[in-house]
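J.: Pasting in a structure now, in C-alpha cells, and then I'll have a few things to ask.
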Amino acid sequence: MDQAVRQLIIVLVLLSLPLVAAAQSRFLTASNQEDFLPVEEAYQVQVDLVDPKNLKVLWQIAPEYYLYQHQFAFSLTPESSAPGIAARYSIAIDKTDEYFGDVKVYYDFADIDLSTATPIRDGTILTITSQGCADAGLCYPPRTDRFELQPTAGQILPLSEEQYQQAHGAQQSKSEVGQQSVWMILLFALIGGAILNLMPCVFPILSLKVLSFVSADPKESHIHSWYYAAGVVVSFVAFAGLILTLKAAGQAVGWGFQLQSTEFVGLLALLFFAMALALSGLAELGTSFMGLGSSLTQNDNHKSSFFTGVLAVVVASPCTAPFMGTALGFALTQNTITALSVFAALGLGMALPMVVLSYSTTLRQWMPKPGAWMVTFRQFLAFPLYMTVIWLLWVGGRQAGVDVFATSLVACLLVAMSMWFWHKTGWAKRLSALSFALAIILVLNPPTQVQSHTASSAFSRSELETLISGNRPVFVDVTADWCITCIANEKAVLETAEIQQAFAERDVVYHIIDWTNYDPAVADFLAEFRRSGIPFYLVYPGNNLAPVILPQILTKEIVLQAIDAQ
C-alpha cells in the first residue's frame, strides 16, 4: 500500500505541475512582499449612501497599483433585505496583463454605482470582493471588505472580519445548520459519488475492474475492492487538497479545473490511447514507465486495483452527478477538515458499488462464467477508450486551436510507434524511449494558443447585470466543452427545437457562460451560489429579482416549468 501511495503522489504531482507553476508565477513569497504596500494601503475603499436604493463605491488606488474590473463582486446579506444588486462601472483602461491576459483595470481610482430594486433595510451587510496587482509584479489575493448599512440614520459602518463574525457569525451558522447540516451534505456527497459511476466517462475504467472479478477468488476480490476504494478516496482527498491550496493562493478553481489545462488534457489523451492499444492487443505493456497506465490498472496485483481507483477519479472529473453540486459548493466554503470530509464521502460513495459487488454472492452469480468471451470483451472495451481519446483531442482543439489538435495527434502517433519499438531489441529500445519522450514534450509544449470561437469572449459581469436588470427572463447556462454532463443536457434538452421555440415564445434570453478555459470571473460567479462545478443553470425572472437554481440533470419538463413560473 505504501508503494502505491507513493506512486499516486508522483502521478498527481506530474499532472498538476502546469497548474502549480501557474500559481507560483502569480503570487510572490512573503519575503518578496516586504517592498510592497499592504493591501489596505494600496487600495482604500469608501462607500457612500446616495439614497435607500443607491450606493457609491470609491477606491483610492496607490500609484503604480491597479484593480481588475472583472474581479469586483458585490452582495447584500441577508438577500431578503434588498434582493438583487446591479453595478455600473466607470470607464476602465484596457491592459494586457501577464496574469489574466486582455483585461480592463483601474489606476488611481475606481468609481462604481450600486443600485437595488427595493430600498435597503437597516442592518444589511454589503460585501465587496476585489483584487489588484502592482506594476512591479506582485498580485494580491482577492480581498473582502464589509460594511453595515444604516439608511435610516444615513450611516455606513466598516466592519472588520472579527466584528462581522461576532455580530453575524452565530446567526449565519445557525441558519446554515438549520438548512443543510454537515451530515446532510455528507449524505448528498455519498449519493452523488455513487451516481457518478453511471456517468459515461467512468464506464470504461470500471468495466476493467468488474471484468477482473469474474474469474477471481471471492476473498481476493474483497481485498481488491478495498484497494480500489482506497485509491478512489485518497484521490478525492488529494484532489481536494490541491484545490484548497490553489484557492488559498488566490486561484479561482473548482471541480474539473484541471481540464482547463490543455497540457493536462493532452497527457490524459496519451494515457488513454496507450491503454486502448493494449486492450486491443496491438501492444503488450510491461511494468516500465512506458506501461504506466496499463500496468497499473490491468494486472492482478493490489497496486493495479489502487490505481484503477485513481484513474476512475481522474476520468470522472468532467462529470458532475446530481447532489454533487450542492456538496462540492458547500465543501469549498467550509474549513479544511469539513471540506476534506465531504470529498472523502464523495470518494466513498463512488467506490461503494464496487465493494458491494465484491461481497454480493447474488450479483457475482449473475455475471457470466469465465471463458473466451473475456478476451473479446476486453478488446471491445478499447473502443470506448478510443472514443474518449477523440473527445479529449476535440476538447484540446476547442481550447487552443487546430494546431494543438494536430500536435496531439502527432503525439499519439509517437506513442503508438514507441509501443511498437518497445519489444524489439538493441537500438529499437532507444527509439522507443525517444518516441515516448517526444510525445510528452509535444503535449507539454503546445503551439501558440489561438482562442477558439467558444472562448472568444470572456465572461462579462456587467453584461449579465444588464440582462437581468431588464424586463425579459434570462436563462443562464454555465458550461464547458470538457463537461460531458453539460454537453448531454445541451444536446438532449437546451438545443432542441422545442426548448428553443419555448424560449422565443416566452421572450427568454438564453445566455451562455463558457468555462472551457480558465476564467476566475466564472469561478467567482459560481461561488456566489455556493457552487464550484458545472453544469450550473439559473433562471432570472428579470427586473433584478432573485434567480431560481435548476438541477444539474435537465429535462424538457424542468426547463419549461422553470420559464413558465417566471
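J.: Would you check which residues across region 490-515 are part of a loop (DSSP other than H, G, I, E, B), crowded, with 18+ Cβ neighbours inside 10 Å and β-branched (Val, Ile, Thr) and list them?
T.: Residues of region 490-515 that are part of a loop (DSSP other than H, G, I, E, B), as a first pass: 495-496, 506-508, 515.
With crowded, with 18+ Cβ neighbours inside 10 Å added as a condition, the list becomes 508, 515.
Of everything in region 490-515, just one residue is part of a loop (DSSP other than H, G, I, E, B), crowded, with 18+ Cβ neighbours inside 10 Å and β-branched (Val, Ile, Thr), namely Val508.
J.: Another question, if that's okay. Those residues that are among the small types (Gly, Ala, Ser), closer than 27 Å to Leu138 by Cβ and either touching a helix residue (DSSP H, G or I) at 6+ places or on another chain (Cβ under 6 Å) or at pLDDT 80 or above (or both), I need them from region 243-278; list them, please.
T.: Ala249, Ala252, Gly254, Ser261
J.: A follow-up question, please. Look through Val559, Val539, Val548 and report the one residue that is in contact with a Leu (Cβ under 9 Å, 6 or more places away or on another chain) and closer than 10 Å to Pro473 by Cα.
T.: Being in contact with a Leu (Cβ under 9 Å, 6 or more places away or on another chain) and closer than 10 Å to Pro473 by Cα holds for just one of Val559, Val539, Val548, which is Val539.
J.: Sort through Val493, Val548 and tell me the only one that's touching a helix residue (DSSP H, G or I) at 6+ places or on another chain (Cβ under 9 Å) and free of Cβ contacts under 8 Å to residues at least 40 places away in the same chain. Explain how you work it out, then say what you get.
T.: On the way: Val493 fails: free of Cβ contacts under 8 Å to residues at least 40 places away in the same chain.
Going through Val493, Val548 in turn, the sole match is Val548.
J.: State the number of residues belonging to region 102-117 that are touching a residue at least 40 places away in the same chain (Cβ under 8 Å) and crowded, with 16+ Cβ neighbours inside 10 Å.
T.: Final tally of qualifying residues: 7.
J.: Taking interchain pairs and intrachain pairs at least six residues apart, which have beta carbon atoms under 9 angstrom, with the first residue in region 472-485 and farther than 18 Å from Met387 by Cα and the second part of a helix (DSSP H, G or I) and of a type in the set (Gly, Ala, Ser)?
T.: Taking only residues 6 or more apart or on different chains, the pairs are Phe475/Ala562.
J.: Farther than 24 Å from Phe264 by Cβ and among the hydroxyl-bearing types (Ser, Thr, Tyr): which single residue out of Thr466, Thr516, Thr485 fits that description?
T.: Every option except Thr466 fails the conditions.
J.: Then there is this: Read through the list (1) assigned by TED's automatic domain parsing to the domain that holds Leu268; (2) surrounded by fewer than 15 Cβ atoms within 10 Å (Cβ to Cβ); (3) in contact with a Phe, Trp or Tyr (Cβ under 9 Å, 6 or more places away or on another chain), then give the number of the only condition that Phe529 fails.
T.: The failed condition is (1).
J.: With respect to Ile558, determine if the residue is over 25 Å from Phe100 (Cα atoms) and either in a helix (DSSP H, G or I) or free of Cβ contacts under 8 Å to residues at least 40 places away in the same chain (or both).
T.: Judged against the criteria, Ile558 is a match.
J.: If you don't mind, another one. Do the conditions hold for Val234, that is, is it modelled with pLDDT under 80 and either β-branched (Val, Ile, Thr) or under 22 Å from Lys303 (Cα atoms) (or both)? Spell out the reasoning first.
T.: Working: modelled with pLDDT under 80: no; either β-branched (Val, Ile, Thr) or under 22 Å from Lys303 (Cα atoms) (or both): yes.
Answer is no for this residue.
J.: Filter region 510-524 down to the residues that are modelled with pLDDT of 90 or more, touching a helix residue (DSSP H, G or I) at 6+ places or on another chain (Cβ under 7 Å) and more than 17 Å from Ile558 (Cα to Cα) and list them by number.
T.: The initial filter retains those residues of region 510-524 that are modelled with pLDDT of 90 or more, namely 510-513.
Okay, now just the ones that are also touching a helix residue (DSSP H, G or I) at 6+ places or on another chain (Cβ under 7 Å), so 510-511, 513.
Scanning region 510-524 gives His511, Ile513.
J.: Would you please list the contacts, defined by Cβ atoms under 8 Å and residues six or more apart or on different chains, that run from a residue in region 52-76 that is in contact (Cβ under 8 Å) with a residue 24 or more places away in the chain and more than 22 Å from Asp524 (Cβ to Cβ) to a residue that is assigned to a strand (DSSP E or B) and among the aromatic types (Phe, Trp, Tyr)?
T.: Close Cβ pairs (under 8 Å, with a partner that is assigned to a strand (DSSP E or B) and among the aromatic types (Phe, Trp, Tyr)) amount to Gln60/Tyr43; Gln60/Phe109; Ala62/Tyr43.
J.: Within region 470-489, which residues are part of a loop (DSSP other than H, G, I, E, B) and closer than 19 Å to Leu259 by Cα?
T.: Those that are part of a loop (DSSP other than H, G, I, E, B) and closer than 19 Å to Leu259 by Cα: Ala480, Asp481, Trp482, Cys483.
J.: Restricting attention to region 118-133, which residues are under 28 Å from the mean Cα position of the chain (by Cα) and surrounded by fewer than 19 Cβ atoms within 10 Å (Cβ to Cβ)?
T.: Applying the first criterion (under 28 Å from the mean Cα position of the chain (by Cα)) to region 118-133 yields 126-133.
Those that are under 28 Å from the mean Cα position of the chain (by Cα) and surrounded by fewer than 19 Cβ atoms within 10 Å (Cβ to Cβ): Thr127, Thr129.
J.: Within the group Tyr518, Tyr540, which residue is within 30 Å of Val202 (Cβ to Cβ) and either crowded, with 19+ Cβ neighbours inside 10 Å or touching a residue at least 40 places away in the same chain (Cβ under 8 Å) (or both)?
T.: So the residue among Tyr518, Tyr540 that is within 30 Å of Val202 (Cβ to Cβ) and either crowded, with 19+ Cβ neighbours inside 10 Å or touching a residue at least 40 places away in the same chain (Cβ under 8 Å) (or both) is Tyr518.
J.: Within region 392-403, which residues are modelled with pLDDT of 80 or more and either out of contact with any helix residue (DSSP H, G or I) (no Cβ under 8 Å at 6 or more places or on another chain) or surrounded by 23 or more Cβ atoms within 10 Å (Cβ to Cβ) (or both)?
T.: Leu392, Val395, Gly396
The values are calculated or read from the model by the stated rules, or taken from the named source; none is laboratory data. Because the structure is a prediction, the values reported are computed rather than measured. No Cβ is skipped: glycine too gets one built from the backbone with ideal geometry, and neighbour counts run over all protein chains shown.
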